[in-house]
Structure formats: structure tokens, C-alpha cells
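Accompanying notes for the structure given below.
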Amino acid sequence: MNPSFPSLMQTQCTWSCHHEMLGALRSKSSSLFASSRHLLRQFAAGSGSRRPPSFAAMSTAATEKEASPNQKESAGKPLQVAKRLEKFKTTIFTQMSMLAIKHGAINLGQGFPNFDGPEFVKEAAIQAIRDGKNQYARGYGIPDLNSAIAARFKKDSGLVVDPETEVTVTSGCTEAIAATILGLINPGDEVILFAPFYDSYEATLSMAGADIKCITLRPPDFAVPINELRSAISKKTRAILMNTPHNPTGKMFTREELNEIASLCIENDVLVFSDEVYDKLAFEMDHISMASLPGMYDRTVTLNSLGKTFSLTGWKIGWAIAPPHLTWGVRQAHSFLTFATNTPGQWAAAAALRAPDSYYVELRRDYATKKQILVEGLKEAGFKVFPSSGTYFVVVDHTPFGLENDIAFCEFLIKEVGVVAIPTSVFYLNPEEGKNIVRFTFCKDEGTLRSAVERMKAKLKRT
Ligand code: GLN
């Protein structure tokens, strides 16, 4: 990553297509927040057939072409997409990382470390390739990795699971989520999400034909409004899809909250799909797996991955742990989504998961330092910073700087300050609820974090 930021002049010269994208978002967003989130998403993508005339008038062929991920046509033919994916556009993470590169801004947006994973894990992958471990793996995981996952889960949660019948290796947690949803949810089933939610949840539920019910977690503590959850559960509710530690807020569900959710699930025969990919980045309290609560293992799919814990987000090794009767559905979907996950990566993942406890202690210590640099810096720059207990994210209230919403703020931040953050309104069914909040990540080296903080302290002015 190149942390240098071009002069304002250069920035403006290369800004056109993305300015158009974010400009459309900004100019439309206040009314959009009040109306349709789907329109907001179209504008967030910078394109789409229903964009307003003013936007069309601003476009040029060149900028349309430049904005290729969201173009409307290819070689003169309209782009096609099935209805179930029509409303989703290029993910906000991809958009913001493209902008970071284009404008030489420091990328505290998409959550990927700008440092490498551990040597011993990379060596294990290289060795596996050299040893000829290069053909299809067993569909649900090489035995060595299934065992390492079961052993790790026992250490972390106290639960003893059978690696052969209760662990499924997938191509990243995103595939584990998809296999779980597609393998266990029928069209018309209701699934409850907590907003703000990770973007793939909604898209994958849409692919499965699920009805989404949303419970909003509100700042400052993003606590679970248990009465709202109780009222949202109906006879049609099949599952709750949750995430702890929580992206984007950094909230960790407390034992009390988990107990309350658990008793509602048991009472109403509801499943829990629990995305716990940030479990090793728990700073303020211990991580609690939903599956470890009394009566919950039998109705829970625990989803996790290698990427965050070992700073190897591009390897895409994930897994789902569930009792055999739920694993059946997960595996049926997995078999026809990817069939198997890359073989040398699995051998290396098994080596990674056998890392001594000191690896995890060090990881947390390193991240605690990074977190402090960012959080203190954001406070000094004038943000209202909401407490983050886990993950490598922190959310802030940007309103002290007087911009009308999260999109406008992120545009300003890229263009005038040279830092990328993630607008959170795209993580809500009702974007209005996220309009004051933006997310920063601290999975970057300390120098990068300090430079970002310096830019913000120098250029952001409270109004
Ligand atoms: N999980 C990462 C984040 O929240 C993004 C992954 C992706 O780009 N799909 O930033």
C-alpha cells in the first residue's frame, strides 16, 4: 500500500468517476435515507438503471468505463443479473479499496492487514505444495484440519465435537455462511439479523429466498433490545444470524444477552448461525461461543475462519461446526458450491491452528497497541468514538465535522484528508440508522495508523 497522498490538484484530476459515484450518493442520500435503501445501494454503486437524470447528465463514456465494476453494459450489451441479486452492487469494501488506490488515500476501510501472516504458516503451505498435496481434498476437509479445528474449538469453548461428522471446511467463512444458509433455510423462512450487519448476510439470505427481519443495535453500546427481539420472533422464524465480536461495531455480546437470545431460541425452536471470525480479537471481555450455552449446541452452527487470526485474509479457509443433523444441510450445500477447499491451504491451516497459546496472546497484544493508536487518535481528531470490545474495527460518530451523512463524510475524508473509512448506512435495512456512523479498521501497521491519525488531526475541523 502506498500511504502517500497526491496533491489536491492530482486528486481532483483523478477524482471524476468516483466523485460522481459519491456525489450522487451525497446529493441523494438525505432523501434516500428517508425513502428506499435499495435506491441508496444503487447510488452507492455509482450506477444502475434508476439513477437520477442529473447523475446521467454528469456521466461521460470514459467515466462509465472507468467505473467498470458497476457499469450498465459490456460491449454494448446490457449487463444481466438474476432478480435475487439485482439490488446488490459492488460491495462497499471493494468500492472503498478501489478509491483508496485511486486517490492514494490511507486505507482504514476494508478489513485486511497490510502486514503478512506468520512464516510458519506460509512455510507449511509451501511444503504442502512441494509434497504434492495438490489434488482435490476430501469434500468436507482434510482429516488433519478437521481434527485441528475440533481441538481448537475444545480449547476455546470446552465443547467436544467429532471432526468427522460435525466439522466442515469451507472456502472462507463467507462460504460457510452461504452453505449454512443455502443448506438449512427454505424460501419464505424468516431469518433475524442484527443491524448493522455484514453485507454478505443479506445477499446470501436473498439468494436463499429468506424473509429478513432486522433488529437494530443502537449506539453507544449497541445492546440487544431483547423485547424487540422477542416480538420479532414468529412461527415462521427459522434462524437468527448473529456475529460476535461484531463487525462493524466491535460490540461483543455479553453472557446475559447470549442467555436471553438462547432462551428465546429454545422456547421458539429457532436455530442460531453464529459468525465468530473475530473471536481471537477480544480485548475487553472473553469471547463466548453461543454453542457453549446450555441447550444451544444442538441448534447452533458456529462459523469461523483462519483469515483474521492469522492475517491471511486472502487464503479463504473457513469452517462450520454443528451437530451432525445440521452439518448434513451445510455439507449438502457446500458439496455443490465449491465441493472442496484448496488442499495446500488446508494443510497449512492445520499447522496454524496448532500454534502455541503464546501466538494468540501476542496477536492480541499487537492489536491492542494498534487499537490504542487509532482510538486515541480519533478522539484527538474530534470524533465521538464508540467503545469497541473486539474485532479490528471501531465505529465513530462523524457529526462533529458537520457533514450531512456517512457517505458525504467518507467522500470528504478521502478527498480532503486522504483517509478511507467505511460508511455504515449500507449495513442497515434502513440506511437512515447508520447515517451518523463510520467504521475505521486498525489492522494496519503502526506507521500507517499514525499517518492516518496525523492527517485527520491536521485536516478535520469541528464545526
Ligand atoms: N470482512 C472485511 C471487512 O469487513 C471485508 C471482506 C470483503 O471485502 N468482502 O472489512
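The values are calculated or read from the model by the stated rules, or taken from the named source; none is laboratory data. Note that this is a predicted model, so its numbers are computed, not measured. For neighbour counting, all protein chains shown are included, and Cβ atoms are generated from backbone atoms with ideal geometry for every residue, glycine included. Each accessible area value is taken on the protein alone, full model and side chains, heavy atoms only, with ligands, DNA and RNA left out. Shrake-Rupley method; radii C 1.70, N 1.55, O 1.52, S 1.80 Å.
Of note:
- Considered as an equivalent ellipsoid built on the Cα gyration tensor, segment 147-205 has semi-axes of 26, 13, 11 Å, the largest given first.
- In a simple Cβ point-charge model (Lys, Arg +1; Asp, Glu -1; nothing else charged), segment 245-394 has a dipole of about 540 debye relative to its Cα centre.
- Volume of the Cα convex hull of segment 187-294, divided per residue and given in Å³: 94 Å³
- 1.4 Å probe accessible area per residue over segment 339-463, in Å²: 34 Å²
- Sorted peptide list for 256-265, 356-365, 191-200, criterion being average Cβ within 10 angstrom, highest first: 191-200, 256-265, 356-365
- With the gyration tensor restricted to C-alpha atoms of segment 104-221, the semi-axes of the equivalent ellipsoid amount to 31, 23, 16 Å, longest first.
- Kirkwood hydrodynamic radius over Cα pairs of segment 346-463, then Stokes diffusion coefficient at 20 °C and 1.002 mPa s, in µm²/s: 139 µm²/s
- Legend: distances between Cα atoms for Lys102/Lys251; Lys280/Lys444; Lys155/Lys316; Lys251/Lys308; pairs beyond 28 Å are Lys102/Lys251.
- Couplings 3J(HN,Hα) for segment 425-440, derived from phi with the Karplus relation 6.51 cos²θ - 1.76 cosθ + 1.60 (θ = phi - 60°), are 4, 6, 9, 10, 5, 10, x, 3, 5, x, 6, 9, 10, 10, 10, 10 Hz, where x marks Gly and Pro.
- Rounded, prolate or oblate (a/c below 1.5 giving rounded, otherwise prolate when a/b exceeds b/c) for segment 221-366 by Cα gyration tensor: oblate
- When restricted to Cα atoms, segment 417-463 yields an Rg and a Dmax of 12.9, 36 Å, respectively.
- The alpha carbons of segment 70-140 give a radius of gyration and a Dmax of 19.4, 49 Å, in that order.
- Percent of alpha-carbon pairs separated by more than 17 Å within segment 175-240: 41 percent
- Spin-label model, Ile266 to Ala203: label points 7 Å out along the Cα-to-beta-carbon direction sit 3.7 nm apart.
- The share of accessible area on segment 156-271 that comes from carbon and sulfur is 49 percent, using a 1.4 angstrom probe.
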